[in-house]
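Every number here is computed from the coordinates shown, using simple stated rules; none is lab data. This one's a predicted model, so the numbers in the text were calculated from it and none came from an experiment. Cβ placement follows ideal geometry from the backbone for every residue including glycine, while neighbour counts extend to all protein chains displayed.
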């Protein structure tokens, strides 16, 4: 009985401490302040496990075509490059001011499967600045964006610049 009482009391003390922390305002939520390493690990691990759990392998984009990559560039260049940058392109002020810092996708895209990337682009990630594009873009557009994102690790700044020079008609979004 003492063990159960001690266990319950321990949880009550922990809950009260957590509520005191929340309501005291002592925890600094400023985007300019980095999280302590334990909190950063907890949030990052939770995010990665959640994405892996919710990403539907059945909804995975198939092999990408060159046309999808070109179409995906248009969406990436209009929405993503500001925070994530690109080959030869640094993130703008908005992206540099986010916490956690948006990853440079050319370096990190290999850590994610196609279904996970699609899920992230479609649903976003809470409290990171990563918006959900699923409400504003068709799945075909998001699949094209994933095709382009997966091409980033092999892309040079010159190749990215070539995509930027494409006529609007060539880079129109899929219907």
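Brief remarks follow.
- Semi-axis lengths (Å, descending) of the ellipsoid that matches the C-alpha gyration tensor of the stretch 27-68: 34, 15, 7
- Using alpha-carbon coordinates, inclination of helix 2-24 to the longest axis of the chain, degrees: 60 degrees
- Packing, as the average of other Cβ atoms within 10 Å across residues, places the peptides 113-122, 148-157, 77-86 in the order 113-122, 77-86, 148-157, highest first.
- Globularity index of the stretch 40-164, i.e. its alpha-carbon radius of gyration over 2.2 N^0.38 Å: 1.00
- Structure-based [θ]222 nm, the chain - -39500 (n - 2.57) summed over DSSP H runs of at least 4, per residue, nearest 500: -16000 deg cm²/dmol
- For the pair the stretch 33-51 / the stretch 99-147, the C-alpha centres are spaced 17 Å from each other.
- With a simple spin-label model that places each label point 7 Å from the Cα along the Cα-to-Cβ direction, the separation between residue 52 and residue 94 comes to 3.2 nm.
- Normalised Debye scattering of the stretch 11-114 at q = 0.17, 0.19, 0.20 Å⁻¹ gives log10 I(q)/I(0) of -1.04, -1.18, -1.24, counting only Cα atoms as equal scatterers and leaving out solvent.
- Placing dummy labels 7 Å off each Cα toward the beta-carbon, the span from residue 161 to residue 8 is 7.1 nm.
- Residue 39 paired with residue 22, simple spin-label distance in nm, labels 7 Å along Cα-to-beta-carbon: 1.5 nm
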